[in-house]
1. Can you go through Lys169, Lys188, Lys141 and tell me which one is of a type in the set (Lys, Arg) and surrounded by 15 or more Cβ atoms within 10 Å (Cβ to Cβ)?
2. Identify all residues within segment 363-386 that are within 29 Å of the chain's Cα centre (by Cα) and surrounded by fewer than 17 Cβ atoms within 10 Å (Cβ to Cβ); write none if there are none.
3. When you scan segment 492-510, how many residues do you find that are of a type outside the set (A, V, I, L, M, F, W, C) and either crowded, with 20+ Cβ neighbours inside 10 Å or farther than 15 Å from Ala534 by Cα (or both)?
4. Starting from residues that are among the charged types (D, E, K, R) and surrounded by 20 or more Cβ atoms within 10 Å (Cβ to Cβ), keep the ones in segment 551-589 and report whichever is farthest from Ala322 (Cα to Cα).
5. Kindly check whether there is at least one residue in segment 786-806 that is farther than 30 Å from Ser600 by Cβ and open to solvent by 10 Å² or more (accessible area, probe 1.4 Å).
6. Output the qualifying pairs, or none if there are none: Cβ atoms under 9 angstrom, residues six or more apart or on different chains, first residue in segment 161-190 and of a type in the set (Asp, Glu), second residue open to solvent by 60 Å² or more (accessible area, probe 1.4 Å) and at pLDDT 85 or above.
7. Scan Ile82, Ile108 and give me the residue that is open to solvent by less than 80 Å² (accessible area, probe 1.4 Å) and either of a type in the set (A, V, I, L, M, F, W, C) or in contact with a Ser or Thr (Cβ under 9 Å, 6 or more places away or on another chain) (or both).
8. Inspect all residues belonging to segment 345-358 and state whether any of them is surrounded by 15 or more Cβ atoms within 10 Å (Cβ to Cβ) and in a loop (DSSP other than H, G, I, E, B).
Amino acid sequence: RVVTNFDGNCSSTNKILFVGAYRTDNVLEEVKLKNMIQEFEASDTINTTEVTLLGFHLESLNEMVSEALCLPRRKTKSLSQIIYDKTQGFPLFVVEFLDALWTEKLLIHNPADGWEWDVDAIDLKEISKSVAELLACKLKKLPVDVLSGVQVLSCFGSHVDIEVLEAAKNYEGNSGTSLMPALDLVVKEGLVERAGPTFTFSHDLIQKAAFDLVPAGNRIPLLQKLVSCLIPCCMLEGGADSFLFVTVDLINRIGSDAVLNDPTQSQLFAQLNLDAGKKFMALGNFSSATEHFKSGISFLKTNHWKDQYELSLNLFENSALAYYSEGNHEQVVIQANHVLSNGKSFEDKFKSDCIFINVIAIGSMDRAAEMLYDRLRQLGENIDPTMIGPQLAFSECVSTRELLSGGQKNIFLQLPQMSDRTKLMEMRLMAMLVQYYTRQKSFMSGYFLCKMIRISLQHGHCEDAVFALAAFSPLIIRCFSDVDGGYSLARTAISMMKFYNSNQLIPRIYWSIYGTVFVLKDPIQSLIDPLLNACRLSFTNGNFEFATINTIQYISRSLQAGKKIPLVMNELNAFANQYKLQSHMSILRLFLAPMYRWLSSLSGISLDSNELLAQLAASSDDVIEVAKVKNEFVLREMAIRLSLVEAVFSRNFRQAAQVLLNYPDIFKALFGEQVGMNEFVLFPSIYVGLVLFQMARETREPQWLQNGINVLATFENRSSLNAWNFEWAYLLLKAELHYTKGETNAAVQAYDLSVESAQKSRLIPKVAIACEYAAHYFLNIGAKKRAQEMIQRSHNAFMEWGAGRKAAAINNLMDLK
């Protein structure tokens, strides 16, 4: 308006130059802009000059890039080609793109060799929003058949594989020969990129603009045509999952309202959603699974529990399971109640009922146990838990052990698979009771394991029978000190996995087999990968009942095997994020955070303060008391044992001794008392023995020495079974005993042998510990040269393990003395 108000009275020497810019694509749509330009051109007092700004040709762009980077054109040609494809050669966009490459370190200056770049990495970089808007404007100028091809492509989202397009190309009922040539043209235009078999829109804005150009009334009919072409591919046996996922995505965009009057299609769409949801469950993608089950339910008819019973049962049952795996317990109750209210039989309701009871157990394991006893009574198994005492449970364990003695355990491999549906349900309910009682450290778990094994011997084996054998194997060791028997039974359980889906069984049995039994026979380093696999499958399967125990076993055994502390801390953070995602906070607060805090104190390494694990580790909550209040017995035990280990590593033996005295229920077996049927021992009692002998020297009270000798006897037995894992600890405790008794020559020999044994077993943390205690002994007897040698070796081993702060403390030992 300012410009048009100037008139011819302006003197020839007082003129103003105005410069403006506009997109030619928009001028026809912007009426005001169009009228203003016409007014300028018609004016006698305004001289207008129009300059058309075009992008660089590839050759000109390469010349500019070559000069900017001071490199020959032949070297910059590949880079220039990508820049041209991403910017259409427009100078402003070229400058922005080059600046982004520099900022994102995709274009790097090397003082020795000049500019360097990775063509493949740059090619993966998305175009800018400005370029996308410019390219989107090209859509309206495309020929009709080409635009139609782009619109079909846009129906599939940001990218799609060529095999899907080939299957859908006849959507109009013709030969579909025009679709692929159309897509080749839009690739040349820069609207779409092709990498191998996959077409991808250059930017989401282009995909959205292409779909928006489909008239609103034609969108659902177009989607339905595409779905009709793809459904046969979904029905093929062994067909690729990609067809199913793509088809169901189109179906859910169509929505249930569009097929309300077509019951056949509605049922088909619900079934395909069920199939896709199950596929996502198998992949561990529970959020996608819940969305597909939800969509499947939306396609059901109003009276679906009557007319579509099996489909309804499957959708709601799987929906409850998916929500449970996702940690959304409120939705579990809602979905399970649909089944419990409409299921026709006890068996039809069974799976949903078990999921529902697991949710109840989160709040009250006692209430969940009551419900399980009630379900067992409905199946004809009338069990009164008040009539089962420790003596009865122990007697059952004795007789069951006799049944499995010698080669009898191999009878399981010859048994048929259990076919009695009632017995299969009884086994599952008892397995749940074992799980609850194990968490409570109750003798009742032993009783039910024995009962499950007897049922299996009578009616055949099943997945829960394999679980029972695996869980019973450590009981044989704890109750009867029968390591060979427990080890052999665990091997039998491993052999029986071949009959079943091992991925489902691994999280249920590896924690006891690899975490508790095999450690007594096999090198500890060989246990780490199976335990990690159990953790991964726990998350993938949504099997969070066993995820906690597998995580505890894996982290504990990894540290004992000498895995580097920084790696373990990264894994702790990864576990924390996974548990947070699934809303399982107890293990995060009561195990992962305290473990992280201890490792941070050893290493001096800390996570970013914004990380949840670091924030929880900074909490001043009494973890042991919190675990007690929450009835998290296993996590409470781990917290107590960790507090002992922390005190020992900081050489605060008075505090460590207080831990032993405060929690006799945890450490009774280590003082020579009878081991209970559910003792859950992860940290080796080497730390207990070290505390006992230290207190024996400080106080001269005989009970400390006697208890230390009891622990030494335990390790002598363990060492005879597995010298690789336990000999170093036996020799170190033996050295501490000689130290306590003042037997110098014997102590020196035992310390040296302990260090040698730990070194031979490649247990780096154990080398560090053995050298540390040897150094203290040599300092005490005035052998400074030997002390200095052991200090240096301990320092080096702690550094290799990643315990930098502990290593520094060891290095200062001579000065402190």
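1. Residue meeting the stated conditions: Lys169.
2. Answer for segment 363-386, where residues must be within 29 Å of the chain's Cα centre (by Cα) and surrounded by fewer than 17 Cβ atoms within 10 Å (Cβ to Cβ): Gly363, Ser364.
3. Residues flagged as of a type outside the set (A, V, I, L, M, F, W, C) and either crowded, with 20+ Cβ neighbours inside 10 Å or farther than 15 Å from Ala534 by Cα (or both) within segment 492-510 amount to 7.
4. Lys563
5. yes
6. What qualifies is Asp161/Pro197; Glu163/Pro197; Glu172/Lys225; Asp184/Arg194.
7. Step by step, each of Ile82, Ile108 is checked, and only Ile82 is open to solvent by less than 80 Å² (accessible area, probe 1.4 Å) and either of a type in the set (A, V, I, L, M, F, W, C) or in contact with a Ser or Thr (Cβ under 9 Å, 6 or more places away or on another chain) (or both).
8. Within segment 345-358 (the criterion being surrounded by 15 or more Cβ atoms within 10 Å (Cβ to Cβ) and in a loop (DSSP other than H, G, I, E, B)), the answer is no, since none of the residues qualifies.
The values are calculated or read from the model by the stated rules, or taken from the named source; none is laboratory data. Please read these numbers as outputs of a predicted model, since none were measured by experiment. For neighbour counting, all protein chains shown are included, and Cβ atoms are generated from backbone atoms with ideal geometry for every residue, glycine included. These accessible areas exclude ligands, DNA and RNA; they are computed on the full protein's heavy atoms, side chains included. Shrake-Rupley method; radii C 1.70, N 1.55, O 1.52, S 1.80 Å.
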